[in-house]
Amino acid sequence: MLHFLRRRFIFFFFTYLLSSLMIFLLLRVLPGDPARVIAGGREATEAQVEEIRDQLGLNAAMPQQYLTWLGDFLRGEWGETIAFRGARNRQLISERAVNSARLAAVALLLSVPISLVLGVIAGLSENKLPDILISLLTLSVVSLPEFVTGLFLINIVALRWGRGALAEALGWWFPSSSAVPANASFSEMLPALWLPAIAATLVLLAYISRLTRAGVIEELKRDYVRTAALKGIAWRTVIWRHVLRNALLPTITVIAISITWLISGLVVIEVVFGFPGLGSLLIAAIERRDLLLVQAIVMVTVTIILFANLFADMAYALLNPRVRLE
Amino acid sequence: MKSSQIANLIRSLLRQPQSALGTLLVLFFLLPALFGPQLAPYANPNDQSHDARQPPTLDIGALQLGEYPFGTDRLGRDVYSRVILGASSIFRIAGLGTLVSVVLGSALGLFMGYAGGWVDEILGRVIDALLAIPALLLALVLVGIIRNLDFAAGSWQAGLADNVVLLVISALYIPIVARVARSATLDIKTREFVEAAEIRGESKLYIIFREIMPSVIPSLVVEASLRFSYAIFLVASLGFLGFGARPPSPDWGLMVNENRGGFYQLTPWALEFPALAIAVLVIAVNLMSDGIRRSVQKGA
């Protein structure tokens, strides 16, 4: 186990370092002058550009710039925003990250149980009617771009069904936009969370359920399943005790990987619903050419993704001895 | 892949109802992509000479298109013509992006897998680190920066900036394809026929392209179809977020974005028809690429 942990940690640090180097280089090495971009393009005077270059430390040597930047990021000094005057990047990002995390949590709570059930049903009835129906569902409705499903939810569910006589009778109400103050509490935000969370759930549903299906099918072909069945154990017991226990173990990894998907999906969903999260902040930062804020947001996302993968691998190794003994 | 294998693949695609439907729909969408200017009633997508906010005249029951099948938008442009003319850009960008990334990514992956050793190790780690950044985020950042750079009009850099989405999609998918090609190569390179070629004294390039590549192609075909469906998805999403084609281009994602919010109440059809086109195309491409995966895996 110790050997496994050591290797996994070295891998983590190496990947983290390389990703951060890439994020750093992305905004430095590309043709064009970042200082001029920030200063406002061609109209900026040479003096303005020089001032910004000084502020960002762009006159130092490249390796030194990288180390200073990474050190600042790790110490939580993410600088001041240009796009949102008066705020500090760290405060802005942590406020928005909390909102995105709430959305992601609701989406995961909805999607993981549903997609596990769908995946197991599909896997147990491989190539039969339930499997075909579920695979059609996950391939079609669920694989639509988030903005299509998001706009459908807003325009049809919220504006037509959510406000009509039926909705009044049932006491439903779906707000069509999630335009809540960015610092609202969870209970204040909850009504506005449902529709974007459903849109995000659809993103994950296809992904998790298809991997679960593959896991169940693979597990059903193993020798121990045949042995157990031939021994005379009831098929139901074989499924519950043996197959599902082994087939659902990799789900931990699947959920960790699906976080990468979820983050991309959330960017689009937050824009569609006007939700004050990290994704909509990223879009605003790119549009306003706030390169420091962009770098910090991408770094935060990469940190979340790499930590999620690290924890998933550790949990998996803890539960499955074969992995850690390899 | 020989032409008989391609024929086999197409035959098995058409045999399953799901993938047959997907393939036929993709072929149907290719018509406006290839012959858009001939098919559209108004070849200029920005022809504003029509009455604004006309509702759709399409009558599916009577099989009649009418004057404005999908209505006109708030600027008086024919939505039907714009949807037809928008097909070519999504196919061009997603198709070329897939082609470039599959060709370059396969070459890189074959080379990494065959060379092995520290070259493979270092490139593999770089790819791991790149893949830790979600593709959409990377695409947004790259497109956002490159588009804001000032280039003299007509210079080669300006030409690149005009095709920034295509470039970014190709660049993003190269490492993903390389990974697939690499692991397929690792599987093949221990086979006897590769060893035999090595003993014969064939050159490295000969072994990679003449001995290993033919066996890797089935996995590359599956990966290419998967990449194409993701590329369609990405082009549409970037267009919607305002990071794809610039207005007034008839890009489907852009049209959806331009007609949402308050404008939706005014001209719902100007949003619904391009959104429907995206939805049907994405589903069709998904069904087709799932069919390709199934047929290739069955054949292997």
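Of all residue pairs spaced 6 or more apart or on separate chains, those with beta-carbon atoms under 9 Å, a first member in region A:214-229 that is under 12 Å from residue A:119 (Cβ atoms) and a second member that is among the hydroxyl-bearing types (Ser, Thr, Tyr) and crowded, with 16+ Cβ neighbours inside 10 Å are A:215/A:251. Meeting the requirement of 2 or more residues that are small (Gly, Ala, Ser), the helices (runs of 4 or more DSSP H) wholly within region A:223-326 are A:223-230, A:251-273, A:278-287, A:291-319. Quick check on my filter: what residues within region A:134-153 are touching a residue at least 40 places away in the same chain (Cβ under 8 Å) and more than 22 Å from the chain's Cα centre (by Cα)? Selection gives A:134, A:135. Confirm whether residue A:317 is in contact with a Lys or Arg (Cβ under 7 Å, 6 or more places away or on another chain) and buried (at least 17 other Cβ atoms within 10 Å of the Cβ). Yes, satisfied.
Taking the numbered list (1) of a type outside the set (A, V, I, L, M, F, W, C); (2) within 23 Å of residue A:257 (Cβ to Cβ); (3) within 14 Å of another protein chain (Cβ to nearest Cβ) in turn, residue B:109 passes all entries but (3).
Residue A:45 passes every criterion in (1) closer than 25 Å to residue B:137 by Cα; (2) among the polar types (S, T, N, Q); (3) modelled with pLDDT under 80 apart from (1).
Selection within region A:6-42: residues that are aliphatic (A, V, I, L, M) and at pLDDT below 85. The member of this set that is nearest to residue B:129 (Cα to Cα) is A:26. The single residue among B:246, B:293 that is within 14 Å of another protein chain (Cβ to nearest Cβ), surrounded by fewer than 24 Cβ atoms within 10 Å (Cβ to Cβ) and not in a helix (DSSP H, G or I) turns out to be B:246.
Checking the structure you have, find out if any residue of region A:59-78 is among the charged types (D, E, K, R) and touching a residue at least 12 places away in the same chain (Cβ under 8 Å). Within region A:59-78, one or more residues are among the charged types (D, E, K, R) and touching a residue at least 12 places away in the same chain (Cβ under 8 Å).
Evaluate the following for residue B:275: is it over 21 Å from residue B:97 (Cβ atoms), surrounded by 23 or more Cβ atoms within 10 Å (Cβ to Cβ) and within 10 Å of another protein chain (Cβ to nearest Cβ)?
yes
Against the conditions (1) touching a Phe, Trp or Tyr at 6+ places or on another chain (Cβ under 9 Å); (2) crowded, with 19+ Cβ neighbours inside 10 Å; (3) assigned to a helix (DSSP H, G or I), residue B:142 satisfies every one except (1).
Given the structure, is residue B:221 modelled with pLDDT of 90 or more and away from every other protein chain (no Cβ under 12 Å)? So residue B:221 passes the test.
Against the condition exposed (fewer than 14 other Cβ atoms within 10 Å of the Cβ) and within 25 Å of the chain's Cα centre (by Cα), how does residue A:74 come out, does it pass? Yes; evaluated as a whole, the condition is true for this residue. Identify the residue in region B:25-57 that is hydrophobic (A, V, I, L, M, F, W, C) and assigned to a loop (DSSP other than H, G, I, E, B) and, among all such residues, is surrounded by the most Cβ atoms within 10 Å (Cβ to Cβ). Looking at the filtered set, the residue picked out is B:40. Among the conditions (1) out of contact with any Ser or Thr (no Cβ under 7 Å at 6 or more places or on another chain); (2) among the aliphatic types (A, V, I, L, M); (3) more than 7 Å from chain A (Cβ to nearest Cβ), residue B:236 misses just one, which is (3).
The values are calculated or read from the model by the stated rules, or taken from the named source; none is laboratory data. All values reported here derive from a predicted model rather than from experimental measurement. All Cβ positions, even for glycine, are placed from backbone atoms using ideal geometry, and neighbour counts span all protein chains on display.
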